[in-house]
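**Student:** Pasting in a structure now, in structure tokens, and then I'll have a few things to ask.
The values are calculated or read from the model by the stated rules, or taken from the named source; none is laboratory data. All values reported here derive from a predicted model rather than from experimental measurement. All Cβ positions, even for glycine, are placed from backbone atoms using ideal geometry, and neighbour counts span all protein chains on display. When the accessible area is computed, the model is the full protein with side chains, heavy atoms only, and any ligands, DNA or RNA have been set aside. Shrake-Rupley method; radii C 1.70, N 1.55, O 1.52, S 1.80 Å.
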Amino acid sequence: MMQGLILAGGRGARLAADGVDTPKALVEVAGQPQIVHLVETLFELGCGSITCMVRDGVRFPSPPGVQVRSCRTPSSLHTLVEGLALVPPGPVFCTMVDTVMPVADWRRLYRGVTARLDAGSLAVLAVTPFVDDERPLYVTRDAAGLAVDISDTLAPPPLVTGGVYGLSPAARPIAADAVRTLPRMRDFLRLLVQRGGPVATVEVPRIIDLDHKRDLDAATAWLVAVEATAP
């Protein structure tokens with residue numbers, strides 16, 4: 001059974017610099033704290049358990065069955081490894097707390113991640129052609145949709161990671177070993193590809209990362225508009 005993991009260990013320094021004093025995990029998007037929305041989304045998708053790794057001092061009303069642990073980690077990779085140590089056995093559907101997309105895309109992504117892990121992928125990356133990030137991580141893939149390169153530099157056509165990862169049970173010990181020498185999540189993702197994976201991809205049209213105040217405004221307007229036109 002798929003296990004859910006939400007990584008919310010960051011400080012939200014760029015949001016704070018824009019005057020947003022609320023911790024990133026608790027910023028409201030379309031009227032709801034982001035981490036609460038993600039917890040509800042992962043439950044709706046069918047995750048057997050949900051673990052939230054949150055920055056020290058972050059508090060939110062979590063429903064029964066959600067494991068919340070405080071952390072003070074130097075990077076999202078370190079937060080991932082601490083979280084994986086707590087997540088029950090099985091494949092993991094992992095998302096950064098600042099990842100925003102409509103519920104229909106979450107469902108499509110979850111189905112794709114599940115199918116590709118079931119087919120034997122070591123890991124699965126959510127990718128999008130929508131590039132709106134100060135430090136995008138570009139993905140090159142083959143005709144089968146497998147990642148063959150991950151780079152900080154553009155390799156047309158533009159396709160970037162979206163902050164959601166499917167990890168097979170075999171990927172867990174690789175992460176635990178990688179964090180000893182690698183500083184960042186993107187380094188770990190490169191390692192998975194370099195090891196021959198296979199690392200599959202699932203594409204969605206657009207993902208917004210909540211890095212700045214303008215991202216909060218754009219995400220809220222987007223979700224409200226999508227909901228208004230939903231059948």
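**Student:** Among the residues of segment 1-17 satisfying the criterion of being surrounded by fewer than 14 Cβ atoms within 10 Å (Cβ to Cβ) and either touching a Pro at 6+ places or on another chain (Cβ under 8 Å) or not in a helix (DSSP H, G or I) (or both), which is modelled with the lowest pLDDT?
**Tutor:** Taking the candidates together, the pick is Arg11.
**Student:** Based on what the data block shows, is Ala144 at pLDDT 95 or above, among the small types (Gly, Ala, Ser) and surrounded by fewer than 19 Cβ atoms within 10 Å (Cβ to Cβ)?
**Tutor:** Yes.
**Student:** From (1) out of contact with any Gly (no Cβ under 7 Å at 6 or more places or on another chain); (2) assigned to a strand (DSSP E or B); (3) farther than 27 Å from Leu26 by Cβ; (4) not basic (Lys, Arg), pick out the condition that doesn't hold for Val202.
**Tutor:** Condition not satisfied by Val202: (1).
**Student:** May I pose another question? Yes or no: segment 151-173 includes at least one residue that is in a helix (DSSP H, G or I) and surrounded by 13 or more Cβ atoms within 10 Å (Cβ to Cβ).
**Tutor:** yes
**Student:** I need a count of the residues in segment 69-101 that are assigned to a strand (DSSP E or B) and either of a type outside the set (A, V, I, L, M, F, W, C) or within 17 Å of Leu38 (Cα to Cα) (or both).
**Tutor:** Count: 9.
**Student:** Right, something else. Can you tell which of Asp149, Asp98, Asp105, Asp132 is over 18 Å from the mean Cα position of the chain (by Cα) and among the charged types (D, E, K, R)?
**Tutor:** Only one candidate qualifies: Asp149.
**Student:** Here is a follow-up. Among the candidates Asp152, Asp133, single out the residue that is under 28 Å from Phe60 (Cα atoms) and either of a type in the set (Asp, Glu) or in contact with a helix residue (DSSP H, G or I) (Cβ under 9 Å, 6 or more places away or on another chain) (or both).
**Tutor:** On the way: Asp152 fails: under 28 Å from Phe60 (Cα atoms).
Unique residue meeting the criteria: Asp133.
**Student:** Identify, by number, the condition in (1) in a strand (DSSP E or B); (2) open to solvent by less than 20 Å² (accessible area, probe 1.4 Å); (3) of a type in the set (A, V, I, L, M, F, W, C); (4) more than 22 Å from Arg180 (Cα to Cα) that Val54 doesn't meet.
**Tutor:** Among (1) in a strand (DSSP E or B); (2) open to solvent by less than 20 Å² (accessible area, probe 1.4 Å); (3) of a type in the set (A, V, I, L, M, F, W, C); (4) more than 22 Å from Arg180 (Cα to Cα), the lone unmet condition for Val54 is (4).
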